Number of protein chains: 2
Amino acid sequence: MKSAKRAKLRAHGWAVGSAKEFLKLSNAEAALVELRLALSRSLRTWRTEHGLSQVELARQLKSSQSRVAKMEAGDPSVSVDLLVRSLFAVGAKPRDLARTIGQLEDRVAV
Amino acid sequence: MKSAKRAKLRAHGWAVGSAKEFLKLSNAEAALVELRLALSRSLRTWRTEHGLSQVELARQLKSSQSRVAKMEAGDPSVSVDLLVRSLFAVGAKPRDLARTIGQLEDRVAV
DNA sequence: TGCCTATATGTCGGATATGACATATACTGC
DNA sequence: GCAGTATATGTCATATCCGACATATAGGCA
């Protein structure tokens with residue numbers, strides 16, 4: 001939506017866009033979940049390909065085996081922050097992240 | 001490093017890889033900071049291009065003007081999580097994130 | 001079977017992030 | 001100068017996350 005059009009709608013407040021906004025928010029949530037899962041898979045793939053156990057990886061990350069397990073399981077108690085930090089910590093480059101994220105489908109209904 | 005080689009080194013514990021690990025960790029931190037900044041810029045760009053004020057964006061995100069300001073400033077109190085969630089919430093697609101992240105330089109010295 | 005290793009799950013105290021509010025700064029047009 | 005608007009900064013109570021620990025489950029092997 002262009003700014004001119006939006007400027008006209010703005011005065012009407014949330015009532016105008018509520019349904020659309022609702023969809024956007026739930027889509028956003030779905031996208032976040034998928035992102036978390038994609039990063040989870042990346043981390044597990046990296047670990048197994050390097051022949052490490054969760055305990056060993058945890059030591060590298062200065063974390064614990066249980067948290068590594070939760071990271072790899074996409075547990076909701078794990079933030080995208082932690083996943084990204086972990087991937088960087090094991091040597092992943094921004095490019096690698098970009099590739100992983102870019103492979104997610106674009107499900108956003110606008 | 002391949003898993004066979006690593007397996008040999010494993011027994012020696014942290015002493016072997018400490019310097020390398022240190023570099024990796026600080027690189028990881030730097031990468032995270034850059035990522036935060038890149039996402040910050042994306043968010044501000046999106047907002048200004050849509051002719052919204054921080055207050056209006058905050059309402060969309062169910063957040064506050066001050067937090068939006070901090071997001072856009074790359075404030076350390078703002079997590080990557082929140083930035084990503086916000087971008088998704090305004091309709092960004094995984095592809096858009098991927099493009100933003102991919103543009104970061106790969107500074108990791110391995 | 002019992003033992004060992006790897007992974008998963010539940011919980012908890014302390015740490016960090018969040019929204020909200022107050023306030024400050026900056027830039028308009030009057 | 002002074003309103004009005006937009007953005008920045010500081011603080012705080014609450015919410016959420018994190019590492020750690022305990023414990024459970026699963027598979028291999030003697």
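Of all residues in the range B:51-110, those satisfying the criterion of being more than 16 Å from DNA strand D (Cβ to nearest atom) and charged (D, E, K, R) are B:Lys93, B:Arg95, B:Asp96, B:Arg99, B:Glu105, B:Asp106, B:Arg107. Among the residues making up the range A:42-72, those that are of a type in the set (Gly, Ala, Ser) and farther than 26 Å from A:Arg95 by Cβ are A:Ser53, A:Ser64, A:Ser66, A:Ala69. Within the range B:32-50, restricting attention to residues that are more than 22 Å from A:Ala98 (Cα to Cα) and touching a helix residue (DSSP H, G or I) at 6+ places or on another chain (Cβ under 6 Å), the residue that is nearest to DNA strand D (Cβ to nearest atom) is B:Arg47.
Filtered by the rule that a residue be more than 11 Å from DNA strand C (Cβ to nearest atom), more than 13 Å from the chain's Cα centre (by Cα) and not hydroxyl-bearing (Ser, Thr, Tyr), the range A:51-87 gives A:Arg59, A:Gln60, A:Leu61, A:Lys62.
The residues of the range A:54-79 that are among the polar types (S, T, N, Q), more than 26 Å from A:Ala31 (Cα to Cα) and at pLDDT 95 or above, listed by number, are A:Gln54, A:Ser63, A:Ser64, A:Gln65. Note on the range A:59-99: residues that are within 8 Å of chain B (Cβ to nearest Cβ), in contact with a Ser or Thr (Cβ under 7 Å, 6 or more places away or on another chain) and in contact (Cβ under 8 Å) with a residue 24 or more places away in the chain total 0.
The values are calculated or read from the model by the stated rules, or taken from the named source; none is laboratory data. Just so we're clear, the structure is a prediction, and the values are computed from it rather than from any experiment. FYI the Cβ positions are ideal-geometry reconstructions off the backbone, even for glycines, and counts take in every protein chain you see.
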